[in-house]
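K.L.:
To start, I am sharing the structure in question, which I have written as structure tokens.
The values are calculated or read from the model by the stated rules, or taken from the named source; none is laboratory data. Predicted, not measured: the structure shown is a model, and the values here were computed from it. Here the Cβ positions follow ideal geometry from the backbone for every residue, glycine too, while neighbour counts run over all protein chains shown.
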Ligand SMILES: [Zn+2]
């Protein structure tokens with residue numbers, strides 16, 4: 001069995017970026033990039049949508065599946081593996097919150 005390489009190549013081919021869900025700001029597509037999940041309409045000619053979230057929070061990478069849930073429900077289920085500044089692991093749900101024009105993920109205990 002050796003089909004892994006081809007699948008990976010398809011996943012990383014520029015235009016066909018991994019769509020994780022619908023943008024809560026403009027209804028556009030939220031795609032996965034190297035460090036962010038962000039709206040595809042970020043360019044000025046596309047409406048300059050500011051929706052963008054960092055992929056890594058408290059040293060844990062948010063998976064595309066978790067991000068999809070956050071985009072659909074406004075928050076995730078309880079996720080494990082976050083690490084505090086003191087170096088302690090903790091689990092928390094993530095809630096999508098908007099402040100001014102920007103979005104953040106907030107930890108829910
Ligand atoms: Zn958008």
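K.L.:
For the stretch 30-43, does any single residue satisfy the condition of being over 22 Å from residue 100 (Cα atoms), part of a loop (DSSP other than H, G, I, E, B), under 12 Å from the mean Cα position of the chain (by Cα) and within 15 Å of the ligand (Cβ to nearest atom)?
P.N.:
yes
K.L.:
Answer yes or no as to whether residue 85 is in a loop (DSSP other than H, G, I, E, B), away from the ligand (no atom under 16 Å from the Cβ), surrounded by fewer than 16 Cβ atoms within 10 Å (Cβ to Cβ) and at pLDDT 90 or above. Walk me through how you get there before you give the answer.
P.N.:
Working: in a loop (DSSP other than H, G, I, E, B): yes; away from the ligand (no atom under 16 Å from the Cβ): yes; surrounded by fewer than 16 Cβ atoms within 10 Å (Cβ to Cβ): yes; at pLDDT 90 or above: yes.
Yes; evaluated as a whole, the condition is true for this residue.
K.L.:
From the set of residues in the stretch 44-66 that are away from the ligand (no atom under 12 Å from the Cβ) and in a helix (DSSP H, G or I), which is farthest from residue 84 (Cα to Cα)? Break it down into steps so the answer makes sense when it comes.
P.N.:
Residues of the stretch 44-66 away from the ligand (no atom under 12 Å from the Cβ): 44-45, 54-66.
Right, trim to in a helix (DSSP H, G or I) and you get 44-45, 64-66.
On the way: 44: 36, 45: 39, 64: 22, 65: 23, 66: 20 Å.
This residue is 45.
K.L.:
Restricting attention to the stretch 48-63, does a residue exist that is touching a strand residue (DSSP E or B) at 6+ places or on another chain (Cβ under 8 Å) and more than 16 Å from residue 105 (Cβ to Cβ)? Explain how you work it out, then say what you get.
P.N.:
Just the residues of the stretch 48-63 that are touching a strand residue (DSSP E or B) at 6+ places or on another chain (Cβ under 8 Å), to begin with: 49-55, 57-60, 62.
Going one step further and asking which of them are more than 16 Å from residue 105 (Cβ to Cβ), we end up with 49.
Scanning the stretch 48-63 turns up at least one residue that is touching a strand residue (DSSP E or B) at 6+ places or on another chain (Cβ under 8 Å) and more than 16 Å from residue 105 (Cβ to Cβ).
K.L.:
Ok, one more. Considering only the stretch 96-109, state which residues are surrounded by 12 or more Cβ atoms within 10 Å (Cβ to Cβ) and farther than 12 Å from residue 53 by Cα.
P.N.:
107
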